[in-house]
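The values are calculated or read from the model by the stated rules, or taken from the named source; none is laboratory data. Just so you know, these numbers come straight off a predicted model, no measurement behind them. We place every Cβ from the backbone using ideal geometry, glycine too, and count neighbours over all the protein chains shown. Remember, those area values only see protein heavy atoms, side chains included, never the ligands or the DNA or RNA. Shrake-Rupley method; radii C 1.70, N 1.55, O 1.52, S 1.80 Å.
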Amino acid sequence: VSTQSTWKSDRVALHKNIGLRVQWYEYQNNGAIPGVRSVSQMLSNMLYYRRFFPYYTFNLLAGVDENGEGVVFGYDAVGCTEPQKYGCSGSGNALIEPILDNQVLRQHQTKAGGEADFTMQEAVDLIKDAFTSAGERDIYTGDSVEIFVISKDGVKQENFPLKRD
Amino acid sequence: YQRRVHGVAPPARERNPFSLENQSRNEKLALDGLKPPKCRKTGTTICGVVFKGGVALAADTRATEGPIVADKNCEKIHYIAPNIYCCGAGTAADTENVTAMVASALALQRLNIGKQSRVKQAQTILKQHLFRYQGHVSAALVLGGVDVGGPYLSTVAPHGSTDRLPYVTMGSGSLAAMAVFESEYKDDLTEKEAIDLVHKAILRGIFEDLGSGSNVDIRVIRKDGTEYFRNYDKPNERVFRAPKSYVFPKGSVVVLKETVEHFNTNNGKAPMDIDK
């Protein structure tokens, strides 16, 4: 699942192109679905191909890899990426990232015992809290959030309403 | 020309209230590329409507610093006189100070002449002040009150122009609010109808305009007094809170060094009780 923020026309075009490339992979590989890491590298290449007239998008790609581990790939406009435990982008980026830094990595909490190990419900609650808080203080964040939970069993979608002011 | 009363200093507002000593330094810094700090603005939807017997003023409660909400529940309806209030949009510091200045001038005048202040007087002081500063004092106001001439409602724009009207809106959400007024205003509203109308107008500003949000404040001014509905409507309470607690256990943050400095040892006697 990939999400983007900012320029809508570039966002729609890129999204379409990724979808087409994934479809062609399936046709050319007997119906096999490409893994997250393959798609992440492909997206990076697609973005860098337009190095001198970039897609004005700041992407986040998330999925479950071959080992069953969840992974997030954050991108800049020209395709720089790396696998991460969490990522965020957009106007509320500066508001949400510190919450995730603290709650996921738990780097400066000596009593916490290392990085967090969330259940699905805890992770979803954290995201909802983060978006609600960002919606309080960022005028651009609001209305609603679509939450996609990706596991080895498939993708579950939830629409979470936010404050509409 | 100079207005001079013998033996009395001119009112504070006529002496230059602004200190310009940083002017040339700031210009130089700007040339070197330093951007001036962003002012806190009030984004804002403010409006007013005249009804049979008075005026109703209303405002949202969000104050912004660029794209960030600085205050989720600020007060934008300012006191000017017991029978005159003013909603303010634009730079928050400007609206606060300019309305305080007018309130002070009118209070002094009431002490001198012993009569109720007139809204036109507040309007004139405001417009003359704002025009003098050529729009740099960024205050867009909705001024309303009831005096001997009846209900009086007007806007005062940052450059100093005024418009006296039966219904007005200002701020970034003014279009949304004005859309409501243009659809539903009629002459000789009752007080209840006026409150409903301004309430509706501010709600549209809150939801459709990004610079406005949170709650609705309403003030009704009648001949015999005013009524303030602070947070008349609160359609934006926080709904979701994750059940998990964010309390950090004691010892989460490692203390590297601890030093204790004692002040006021009082020679070992019991400390003084200042509140006695």
Review point. Do any residues in segment A:5-24 that are without any contact (Cβ under 8 Å) to a residue 24 or more places away in the chain have Cβ atoms under 9 Å from those of residues that are open to solvent by 40 Å² or more (accessible area, probe 1.4 Å) and not polar (S, T, N, Q), where the two are at least six apart or on different chains, and which pairs are they?
Key: A:SER9/A:TYR56; A:VAL22/A:ILE33
Check your understanding: When the residues of segment A:85-131 are filtered to those that are away from chain B (no Cβ under 11 Å) and among the polar types (S, T, N, Q), which remaining residue is surrounded by the most Cβ atoms within 10 Å (Cβ to Cβ)?
Key -> A:SER89
Exercise for review: Working only within segment B:244-257, note down all residues that are within 30 Å of A:LEU162 (Cβ to Cβ) and either under 37 Å from the mean Cα position of the chain (by Cα) or basic (Lys, Arg) (or both).
Suggested key: B:LYS244, B:SER245, B:TYR246, B:VAL247
Check your understanding: Could you give every pair whose Cβ atoms fall below 8 Å, whose first residue belongs to segment B:236-247 and is within 8 Å of chain A (Cβ to nearest Cβ) and closer than 23 Å to B:LYS72 by Cα, and whose second residue is of a type in the set (Lys, Arg) and outside any loop (DSSP other than H, G, I, E, B), counting only separations of at least 6 or pairs across chains?
Key -> B:PHE240/A:LYS128; B:ALA242/A:LYS128
Check your understanding: Residues of segment B:140-199 being of a type in the set (Ser, Thr, Tyr) and out of contact with any Cys (no Cβ under 9 Å at 6 or more places or on another chain), which ones?
Key -> B:TYR152, B:SER154, B:THR155, B:SER161, B:THR162, B:SER172, B:SER183, B:TYR185, B:THR190
Review point. If you go through segment B:236-267 one residue at a time, how many are on the phi < 0 side of the Ramachandran plot and open to solvent by less than 50 Å² (accessible area, probe 1.4 Å)?
Key: 4
Review point. If you check B:LYS127, B:LYS115, which single one turns out to be in a loop (DSSP other than H, G, I, E, B), farther than 28 Å from B:ARG230 by Cβ and not β-branched (Val, Ile, Thr)?
Key: B:LYS115
Revision key, fill the gap. Note on segment B:40-88: residues more than 16 Å from B:PRO151 (Cα to Cα), small (Gly, Ala, Ser) and either touching a Leu at 6+ places or on another chain (Cβ under 8 Å) or not in a strand (DSSP E or B) (or both) are B:GLY43, B:GLY66, B:GLY88
Check your understanding: For B:THR61, are the conditions met, namely being open to solvent by less than 10 Å² (accessible area, probe 1.4 Å), touching a Ser or Thr at 6+ places or on another chain (Cβ under 7 Å), hydroxyl-bearing (Ser, Thr, Tyr) and more than 13 Å from B:LEU143 (Cβ to Cβ)?
Key -> yes
**Study point:** In segment B:111-132, the residues that are in contact (Cβ under 8 Å) with a residue 24 or more places away in the chain and open to solvent by less than 60 Å² (accessible area, probe 1.4 Å)
**Key:** B:SER117, B:VAL119, B:ALA122, B:GLN123, B:ILE125, B:LEU126, B:HIS129, B:LEU130
Review point. Which members of segment A:45-84 meet the condition of being among the polar types (S, T, N, Q) and open to solvent by 20 Å² or more (accessible area, probe 1.4 Å)?
Key: A:ASN45, A:ASN67, A:THR81, A:GLN84
Study note, to complete from the structure: Counting only residues that are farther than 19 Å from B:VAL49 by Cβ and crowded, with 19+ Cβ neighbours inside 10 Å, segment B:139-174 contains a total of 3
Revision key, fill the gap. When segment A:132-165 is checked residue by residue, the ones that are facing chain B (nearest Cβ under 9 Å) and part of a strand (DSSP E or B) are A:ASP138, A:PHE160, A:PRO161
**Study point:** Long-range neighbours under 6 Å by Cβ, at least six apart or interchain, first residue without any contact (Cβ under 8 Å) to a residue 60 or more places away in the chain within segment B:74-85, second not small (Gly, Ala, Ser)
**Key:** B:CYS74/B:THR61; B:HIS78/B:CYS86; B:HIS78/B:THR99
Point to revise | Residue tally, condition among the small types (Gly, Ala, Ser), within 12 Å of B:ALA58 (Cα to Cα) and either assigned to a strand (DSSP E or B) or within 17 Å of the chain's Cα centre (by Cα) (or both), over segment B:185-236 | key: 1
Check your understanding: Restricting segment B:202-232 to residues that are more than 9 Å from every other protein chain (Cβ to nearest Cβ) and of a type in the set (A, V, I, L, M), which is farthest from B:GLY173 (Cα to Cα)?
Key -> B:ILE221
